[in-house]
Each structure stands twice: as structure tokens, then as C-alpha cells.
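See below for the structure under consideration.
The values are calculated or read from the model by the stated rules, or taken from the named source; none is laboratory data. Note that the structure is predicted; figures quoted are calculated from it, not measured. Reconstructed Cβ throughout: ideal geometry from the backbone, glycine too, with neighbour counts over all protein chains shown.
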Amino acid sequence: MKRTKVVDALSSTDFGKEIIVKGWVRSHRSSKAVDFIALNDGSTIKNIQVVVDPSSIDEETLKSITTGACIGVTGLLVESQGKGQTSEIQGKDIVIYGLCPSDYPMQKKGQSFEYMRKYGHMRLRTNTFGAVFRIRHNMAIAIHRYFHEHGFYYFHTPLITGSDAEGAGNMFQVTTLDLERVAKSGKVEYEQDFFGKRTHLTVSGQLEGELGATALGAIYTFGPTFRAENSNTPRHLAEFWMVEPEVAFIDKEDLMDLEEDFIKYCVQWALDNCKDDLEFLNQMIDKTLLERLEGVLKQDFVRLSYTEGFNILKEAQEKGVKFEFPVTEWGMDLSSEHERYLVEEHFKRPVIMNDYPAEIKSFYMKKNEDGKTMQGTDVLFPRIGEIIGGSVREENYDKLVAEIEKRGMKVEQYDWYLDTRKYGSCPHGGFGLGFERLILFVTGMQNIRDVIPFARTPKNAEF
Ligand code: 4AD
Ligand code: MG
């Protein structure tokens, strides 16, 4: 007989039919007359209840069915007597695939997330992490669907790169050189290295994405991204996933429309496709989760220039609001407390901040006529701060070269990138969405380490 998944058994009304379900025991309650086993196989947050007549099964076998054990149950699907579920199983025969000794680290309910992070390989079997990773899967599907439906091509940019995309530091070097030998000899011979030159893990697929967009019209990347920032915060990972659409012939207004429409589509997808998991998280993790998700869909995002935002923050500070990093001069970089003040306290809805001071943004952004600001378009979200970083790109060859030189970067390293401006340049723009930050928002989880199966953070690369 073929195995039935719990999700299908629970929605089936084929009462009286014999089926087999297989999964992990969530709980086992015994009494003289009857045993109840709650079984979960990961196909849904819900367990199926297996009702067993203890006289029908060997006593030792029944006793060994403890929380965490893996079993297969053959039995009749019957209409449930209990509240809240339609069907249950009258167990006839039970096979034990894997016993679970009592030192099982996920034994107890209500463990802290910090505790569970220590058992990162086992936490996947808990209700909360099951819900989070089913939602994570669904968000990935939503992203592909959105872009496919809107005529974007999925474009694969390299993970190992010879370019320093953002002109920033913080990259992981990739090498096959023997570091101990290098240390002894005192010099690094990059010609001897695997690629014959210095290479790194990518911090963004954008620059290569621009090559794609200026050929295919509209592309998106979706893959791992690496940043060796030493930021131990609930919003930073050293290895995270980024979604980077890049579009030819787009201006700032259309780019902001795209950012808003895209995020709303993803949130709607979660509400439409992850109902059980979201209800569970709403109940167990954050009672305002569903309300917040629905709220995002109803409201237009505020579109705010950096200058307007800066003035609001400055005024708030003058009226007594305390920031850890004081609001000082126009041109300063805003930190997440400032972003969250605007979103959570002042406007009470998402904000797309734009027209940033040129100095705090990347070299490739399009400069405004004022010469002081650039067409960046970051999306700021409640509880998260920056969820999207985007911009219109500078398409003028001379202006871009001048900016690269001004920043002390090496023009020759960007020759292939500059060719998009040299040959048939076109106005274009795009953005990067931090996938885990979206998952944080959609699940109501508080720490980014808890929305990726295996987190990489400073001093932590387990598994
Ligand atoms: O703002 P960022 O640095 O933008 C770029 O990398 C551009 N090249 C994107 C583009 O225009 N194509 O990063 C984009 C987003 C951030 O808004 C944030 O959500 C996420 O990536 N992000 C991180 N997420 C987790 N951990 C980190 N260390 C992150 N750094 C950025
Ligand atoms: Mg950014």
C-alpha cells in the first residue's frame, strides 16, 4: 500500500478506507482503554491523531513509541470525534522505524530559540521551524512566479567573482593557496592561485545582472550572497539569499512601483497559501502577525525623500525622542532605529525612501540634477528596517567613470561593466531584496538566524 501524507489524510473524507501514514511522534498519551498518538510528517503543521486499542498491540512496542520516534501506522481512516479535526486513524498495525531515546533535545515544549539554535540540526522537527521553512519555500515559489508572470528571466550570476561589486570591503576570499606556506614565504603569488588572480564570494549579483538586463530587458537573480561583515545583529547573516531584479528602461517612479507591487504579491501569496502555518505563528509567536500582513496589503507605501525623512527625524529628536545614534547633519547614514522610527512611529506603514545623499550610496547610482543626491529607492519595513535596497543606475559613461575615479576605485577593474554604458547604453534600474528579511516579516520571527535552516554568522559555521 502506498503511503498517504498526513495533509491528505486530514482533508480526506474517504472514511472506512485503510491507509498507511508515516511520520514522527509529537505526543503519546496512554490510558487503560485507549492510546492517542499525535503524528506529524512535515506535510502540514497539523498532526493526525492515531487512536490505538492497547490490547491489540504488543505492550513493549507501544511503550517505546515516545515523542520524536519515527513510526508507520496502518489503520482505518475514520471521522474524528474530537474537535478541530475532520479525520483520525484507528491504528491496527504499527511499525517502528526509529526509536527516540529520552535525551532527544527537542523533547520538551516551549524551549527558547536560543536553546534550539544550539541544536540547529534537530530544531527543524519542531512545529515552529516546520512552519517557518514551509513558508520559506512558499516565498521562493512566490518570487519565481511573480517574475515569471511579469516577463523577467531568471538569470544566474556567479558566486565566485573577480569583481568587487559594491566597491565595498567585507568579502570572503576564495583561494586554493596553502595559507601556511604563504605565511612562511611571506608573499602571496596570486598567479599561482586557482583562477590566477584574487577572487571572492559575491556580495551581490547586481553588476552581472545589469549585463543580463541590458540584453534580455528584464532579469532577476535569486541566490546566495556572502558578506564578511562583523555584524552580530538579529538582521545580519554572513551567508544570505538575495533576490535582485534588474530592468531596462525603468525610471525611479516605476522602480518604486515594482518594489511595492512585488512585496505585496509575496505577502498575499503567504496569506493565500500558508494559512495553517501563519495561524500557528500568529497564535504562538506574534499575536499581531496576521493583522500586520493584511495591513501591508491595504496601505500604499509612503514615498519619502531622504531629506524629508531626515527633517522628520531631526524634529522628533528636538521634541525629545531619544536615538542611540543622534540625528546630526544632513548627509549622515540612517541606522535601523531611524528607519524604524519613520515606519513604526511616524507613518505606521512601509516607506520607500529615495533621493539619498550621494556620499552614503554606491558609485553606480544615478545622480540627480542637484549634484548632491542619488536615485536610491530603499524600502523600509516595520520591525525589519531596510528590506530592499535599490536604485536607478547611472547610464552615462563619463559620469560613471568620474564617480569611480572620485571614489578612488580602479576604473580598469570595471571595464566589462562600463561596456554596458559604452555600447548602446540604456536607462535601467533594479533592487535587491534580502530574502531572510522578507521571511522575518512574513513569519513574525525575531531573529534572522531562525529563518534560514543553517545560519552563518561571525564565529559560527556549524554543519
Ligand atoms: O542594500 P544592499 O547592500 O543592496 C545591494 O546589494 C544592491 N546591489 C542591490 C541591487 O540594487 N541589486 O542589499 C540589498 C538587501 C538589503 O536591503 C537587505 O534586505 C539584504 O539585502 N541584506 C542582508 N540580509 C541579511 N544579512 C545581511 N548581511 C545583509 N546585507 C544586506
Ligand atoms: Mg542597502
Item checked: Single match in G82, G75, G42 (criterion: in contact with a strand residue (DSSP E or B) (Cβ under 6 Å, 6 or more places away or on another chain) and not assigned by the TED database to the domain that holds R136) -> G75
Next item on the list: Evaluate the following for D355: is it under 26 Å from the mean Cα position of the chain (by Cα) and modelled with pLDDT of 95 or more?
Entry: no
Next item on the list: For the stretch 392-448, name all the residues that are small (G, A, S) and outside any helix (DSSP H, G or I).
Entry: G408, G424, S425, G429, G430, G432, G434, G444
Check: Taking the stated definitions as given, is D378 charged (D, E, K, R), surrounded by 17 or more Cβ atoms within 10 Å (Cβ to Cβ) and within 14 Å of ligand 2 (Cβ to nearest atom)?
Finding: yes
Notebook entry, point to check: Within the bounds of the stretch 95-116, is there any residue that is over 30 Å from A455 (Cβ atoms) and among the basic types (K, R)?
Noted result: no
Next item on the list: Give the stretch 1-53 a look and list any residue that's among the aliphatic types (A, V, I, L, M) and touching a helix residue (DSSP H, G or I) at 6+ places or on another chain (Cβ under 8 Å), or say none.
Entry: I19, V21, A33, V34, L39, I45, I48, V52
Notebook entry, point to check: Of the residues that make up the stretch 367-388, is at least one in contact with a strand residue (DSSP E or B) (Cβ under 7 Å, 6 or more places away or on another chain), farther than 17 Å from M256 by Cα and part of a helix (DSSP H, G or I)?
Noted result: no
Next item on the list: Have a look at F310, F301 and point out the one that is over 30 Å from F249 (Cβ atoms) and aromatic (F, W, Y).
Entry: F310
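Return the residues of the stretch 381-396 that are under 28 Å from the mean Cα position of the chain (by Cα), away from ligand 2 (no atom under 16 Å from the Cβ) and of a type in the set (D, E, K, R); say none if nothing qualifies.
Within the stretch 381-396, the subset under 28 Å from the mean Cα position of the chain (by Cα) is 381-393.
Now narrow it down to the ones that are away from ligand 2 (no atom under 16 Å from the Cβ): 382-383.
Within the stretch 381-396, just R383 meets the criteria.
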Next item on the list: Mind listing whichever residues of the stretch 201-232 are within 9 Å of ligand 1 (Cβ to nearest atom) and of a type in the set (S, T, N, Q)?
Entry: S204, Q206, T221, T225, S231
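Is it the case, given these coordinates, that V343 is within 14 Å of ligand 1 (Cβ to nearest atom) and in a helix (DSSP H, G or I)? Spell out the reasoning first.
Values: within 14 Å of ligand 1 (Cβ to nearest atom): yes; in a helix (DSSP H, G or I): yes.
Yes.
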Notebook entry, point to check: If you scan the stretch 377-418, which residues turn out to be within 9 Å of ligand 1 (Cβ to nearest atom) and among the charged types (D, E, K, R)?
Noted result: D378, E386, R393
Notebook entry, point to check: From the set of residues in the stretch 203-242 that are more than 18 Å from L159 (Cα to Cα) and polar (S, T, N, Q), which is farthest from ligand 2 (Cβ to nearest atom)?
Noted result: T214
Next item on the list: With respect to R393, determine if the residue is exposed (fewer than 15 other Cβ atoms within 10 Å of the Cβ) and touching a Gly at 6+ places or on another chain (Cβ under 7 Å).
Entry: no
